[in-house]
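The structure under discussion appears below in the form of structure tokens.
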Amino acid sequence: MPITESDRAVESSQTSTTPYKSLLKSFAVRLCVAVTLGVLLLAALEFYSYRRYLPADRDVMEPAVKLDLAESGSPAEREYWKEFEQANKVTYHQYVLWRRAPYTGEVLAIDQDGVRRTPHTQCNKDEKTFTIWTFGDSVMWGAGSPDEETIPAFIARDYEKAGRPVCIVNYAEKGWANTQETIGLIEQLKHAADKPDIVLFYDGGTEAFAAYQSGRADVHSNYNSFKNFLDNWGASQKAGFSYLRQTNTYRFLEKIAIRAPFHNQKNEAPKPTRDADTLSAAVVENYLQNIDIVNLLAKQHGFRAIFAWYPNMPVGHKALTPYEQQVLNMEYQKFPGLGQMYQATYQRGREINRPDFHYLGDLLDDQKDSLYVGISHLKPEGNQIVADRLFDILQHPASH
């Protein structure tokens, strides 16, 4: 049968279409492979950036903890720090910004309100017991010690030995400054069924550190981070690609760019050139104003207010052990100029002349043993010394 012109046209059309289909299929396969490899590469870079260059924020005393455990860590201490890491999570709380999330462990427990357990207390809802509320930062909260060996627990044990039942509620929280504590006190007075007989504030370190960190007085810890987040919160709610800034890869590249000689971005890290003398004066003035406010609340609600500043490594004259000196050197390396800020603030704190204020910055000056587990946090032995002194203050109002 002879081949017609129409047959030649169909054959030519089929021949020309086949290469296009083949090319399109080959392109699709290569595109899928390229996209897959790109995604895998980005995932690998994201994971590498997270693991190598952008470790999650840690508690500032973590190097000290590792050092201490490496030298003389007992199984009980290791168990505590394991639970501490598990419980080291915070949730938002109205007005005071953060509190620990609930946690229940063998040696550490936090209730639904973010309040840590205090053994040896007798808080009976059916009958009124002499009640003490404690406020402060992680030092009063008890970082470095199990529930049985925090400052409030030791104070409760002192009352127990004296044959006097007491209810102690530890409202302290890590990183809290005194203004946060004052707001927390107001909230508790508004909502608590039983009002306190004594409210004890245990401060000093966070007042100095928060001012050093932000360059201003009367702010909470990590003030600049909170401010930047809220300043940019509106933009983050709009459609766009701002979420890319939150990736580890972006932050990794930004970190590399900052190191480049042509980069003009200012370093936001605390600078040791800040005027520690002027800033410390503002810190102490703010603290005195808070004392006046709390005393007005005390008069209205019928409790006695007591304020104390705790000891820490940069102040006082304790003979530091080699371990403690190594911890202090690590902190100074991480936060240049922090020691000057602590010393300037505490020097002004020492000059406060109020019957309800007690300067304890030099409480450990005669101690030779290693008592610190961070720049301010104490081991249980140190907490016992502090608790005994505070118990004496609670028992004898006129004592200094």
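The set of residues in the range 356-400 that are out of contact with any Ser or Thr (no Cβ under 9 Å at 6 or more places or on another chain) and among the hydroxyl-bearing types (Ser, Thr, Tyr) comprises Tyr359, Ser399. Picking from residues in the range 190-207 that are touching a residue at least 40 places away in the same chain (Cβ under 8 Å) and surrounded by fewer than 17 Cβ atoms within 10 Å (Cβ to Cβ), the one that is nearest to Asp356 (Cα to Cα) is Lys195. Thr150 - would you say it is under 20 Å from the mean Cα position of the chain (by Cα), crowded, with 21+ Cβ neighbours inside 10 Å, in contact (Cβ under 8 Å) with a residue 40 or more places away in the chain and in the same structural domain as Gln213 (by TED's automatic domain parsing)? In short, yes.
Restricting to the range 91-130, and then to whatever is free of Cβ contacts under 8 Å to residues at least 12 places away in the same chain and out of contact with any Pro (no Cβ under 7 Å at 6 or more places or on another chain), can you tell me which residue is surrounded by the most Cβ atoms within 10 Å (Cβ to Cβ)?
Going residue by residue through the range 91-130, those that are free of Cβ contacts under 8 Å to residues at least 12 places away in the same chain are 92, 104, 111-112, 126-127.
Remaining after also requiring out of contact with any Pro (no Cβ under 7 Å at 6 or more places or on another chain): 92, 104, 126-127.
Working: Tyr92: 8, Thr104: 11, Asp126: 5, Glu127: 7.
Selected residue: Thr104.
The values are calculated or read from the model by the stated rules, or taken from the named source; none is laboratory data. Everything quoted here is computed from the prediction, not taken from an experiment. Glycine gets a Cβ as well: all are built from the backbone with ideal geometry, and neighbour counts include every protein chain shown.
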